[in-house]
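A.B. asks: Pasting in a structure now, in structure tokens, and then I'll have a few things to ask.
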Amino acid sequence: MPAAEPLAWDLSTPAFVADPHPFLARLRRDAPVYPHAVENGRTEWMITRHRDCLAILRDPGWSAEKFPSALLERVATDPQAPFSVVARTVLHMMLVKDGDDHARLRGLVNKAFTPRAIAELRPRVQAIADELLDAAGRRGEFDAIADLGMPLPLIAIAELLGVPLEDRALLKRWSDALVTFLDGSIRERGLADAAKACVEIRSYMERIFAERRARPRDDLISRLLDARDVDDRLSDDELLGTVVLVLAAGHETTTNLIGNGLYTLLRHPDELARLRAHPELVTPAVEELLRFEPPVSLTSRIPTGRRPRLLFGREVGGDDEVSLVLSAANRDPAVFRDPDRLDLARGDTRHLAFGFGAHFCMGAALARLEGQIAIGSAVARFPSLKLARETAEWRPGYVLRGLVSLPLKL
């Protein structure tokens with residue numbers, strides 16, 4: 001890259017937020033292993049080629065324990081430390097665990113997300129989508145985020161967990177605060193809200209846990225409590241961290257999938273018409289939309305054990321972070337033919353929208369189901385659907401990429 005190019009890696013610039021893909025294409029072509037200086041002398045390494053992202057995701061020498069565990073443990077066990085409750089909650093999420101701990105926590109939740117379990121949810125997810133679209137039709141106005149993309153996966157994940165649906169506004173507020181903290185590109189600005197949310201959700205979930213202990217149900221919280229109280233395979237902090245992660249990750253990313261997918265389709269009218277003419281294309285269409293504008297743009301790893309190691313011939317410090325730019329990998333011309341063209345019949349599922357390897361998104365099957373139903377139903381229900389405005393308002397942050405709102409004309 002030219003010498004001045006490092007200044008261009010500013011995730012907050014309007015041009016980058018509106019369309020990061022031209023910059024990422026140059027990065028992938030000219031500097032596919034790109035060192036970007038961050039605070040305290042650390043380096044963030046930007047990886048943009050598909051083959052390189054895949055190699056790192058497969059390699060146990062790269063760890064998902066991105067937060068400094070020793071620091072989090074000190075903060076989490078000091079009740080006087082600011083934001084200790086955030087550290088205590090995040091420290092016990094499977095998202096930032098490796099090896100046996102990750103496998104154990106994932107195994108306790110995985111049964112809720114098997115293909116068979118997800119297939120059984122299809123009628124209920126379709127019913128929720130129909131109710132939401134019916135309401136939009138009666139009002140004569142439709143915001144694809146507020147009226148479909150947000151409530152559909154939130155209702156589905158609340159029902160799966162066994163959390164009262166009447167509390168979904170609270171759950172959404174807490175989830176928004178937590179995912180802002182988990183988005184490393186905007187973490188600092190969300191720390192205070194995340195701390196408040198963690199305190200409130202811990203108090204709320206302790207009441208839910210007490211109710212489920214007294215009267216177990218056929219829901220995920222009851223099964224996790226059984227693992228905690230009967231099998232002793234889950235600590236109290238792991239129980240809360242797992243429930244919070246399932247709640248937040250279980251709907252925020254799918255909201256982005258639905259919103260990004262509809263926005264992309266409406267900006268490609270030929271492909272939208274193709275889907276209307278051939279609704280059976282909805283399954284490959286969702287895969288292509290995931291590739292084209294993924295709901296998670298970036299994930300990261302650090303050297304396992306925080307020991308310096310080589311990265312494609314470059315030395316990475318033990319405290320450096322390696323950022324895998326999934327949205328760049330998904331448009332790598334070495335893997336995808338004509339990658340900047342939307343092709344709903346592409347049929348190529350090698351995209352990395354759900355990651356890869358041990359940390360492959362556990363909720364991928366549910367996200368796919370909800371995306372297929374939401375997008376397919378909206379397109380079929382409203383044949384004259386159009387964007388109400390040409391410019392999109394993207395949410396702050398780059399790790400999780402989604403729209404603030406998407407007003408549409410029916």
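A.B. asks: Where the centre of each part is set by its Cα atoms, how far does the stretch 269-283 sit from the stretch 227-247, in angstrom?
C.D. replies: With the stretch 269-283 and the stretch 227-247 each reduced to a Cα centre, they are spaced 42 Å.
A.B. asks: Here's something else I'd like to know. Ignoring everything except DSSP H segments at least 4 long, calculate the 222 nm mean residue ellipticity for the chain; use -39,500 (n - 2.57) per segment, divide by total residues, nearest 500.
C.D. replies: Theoretical 222 nm ellipticity from helices: -16000 deg cm²/dmol.
A.B. asks: Which residues' amide hydrogens lie under 5 Å from the amide hydrogen of PHE142, considering only partners 5 or more residues apart or on another chain, with H built in the peptide plane?
C.D. replies: Correct list: LEU408.
A.B. asks: With the chain treated as a Gaussian network of Cα nodes joined by springs under 10 Å, which of LEU352, LEU245, LEU121 yields the largest mean-square fluctuation?
C.D. replies: Per the Cα network of the chain with a 10 Å cutoff, LEU121 tops the list.
A.B. asks: In debye, nearest 20: dipole of the chain around its Cα centre with unit charges on the Cβ of K, R (+) and D, E (-)?
C.D. replies: 520 debye
A.B. asks: In the stretch 19-409, with Lys and Arg counted as +1 and Asp and Glu as -1 at Cβ, which of these residues, ALA334, LEU105, HIS50, has the Cα nearest the positive end of the dipole, that is, farthest along it?
C.D. replies: Highest projection toward the positive end goes to ALA334.
A.B. asks: Could I ask something else about it? Which of GLY41, LEU132, ALA273 sits closest to the plus end of the dipole of the chain, meaning its Cα is farthest towards the positive end, when Lys and Arg get +1 and Asp and Glu get -1 on the C-beta?
C.D. replies: Comparing the listed Cα positions along the dipole, ALA273 ranks first.
A.B. asks: Okay, moving on. Taking other Cβ within 10 Å of each residue's Cβ, how do SER175, SER405 sort, fewest first?
C.D. replies: Starting with the residue having the fewest Cβ neighbours, the order is SER405, SER175.
A.B. asks: By Kyte-Doolittle mean hydropathy of at least 0.0 and Cα axial length of at least 30 Å, which whole DSSP H helices of the chain are selected?
C.D. replies: Those that pass (Cα extent of 30 Å or more, hydropathy at least 0.0) are 236-266.
A.B. asks: Still on this structure, please answer the following. For the stretch 123-280, what number results from the quotient of the Cα radius of gyration and 2.2 N^0.38 Å?
C.D. replies: Relative to the 2.2 N^0.38 Å estimate, the stretch 123-280 comes out at 1.21.
A.B. asks: Could you point to the residue in PRO308, PHE181, ALA156 farthest towards the positive end of the chain's charge dipole, with +1 and -1 charges on the Cβ of Lys/Arg and Asp/Glu respectively?
C.D. replies: Value computed over the given set: ALA156.
A.B. asks: Moving to a separate point now. Quick check of the Kirkwood formula: for the stretch 19-409, what is the inverse mean of 1/r over all pairs of different Cα atoms, in Å?
C.D. replies: Here the Kirkwood hydrodynamic radius works out to 21.8 Å.
A.B. asks: While we're looking at this one, here's another question. May I ask you to sort GLU141, GLU370, GLU390 by Cβ crowding, counting other Cβ atoms within 10 Å and putting the fewest first?
C.D. replies: Ascending number of Cβ neighbours within 10 Å: GLU390, GLU141, GLU370.
A short reminder: the numbers here are calculations on the coordinates, not readings from a lab. Computed from a predicted model, the values in this text were never measured in an experiment. Heads up, the Cβs are rebuilt from the backbone with ideal geometry, glycines too, and the neighbour counts pull from every protein chain shown.
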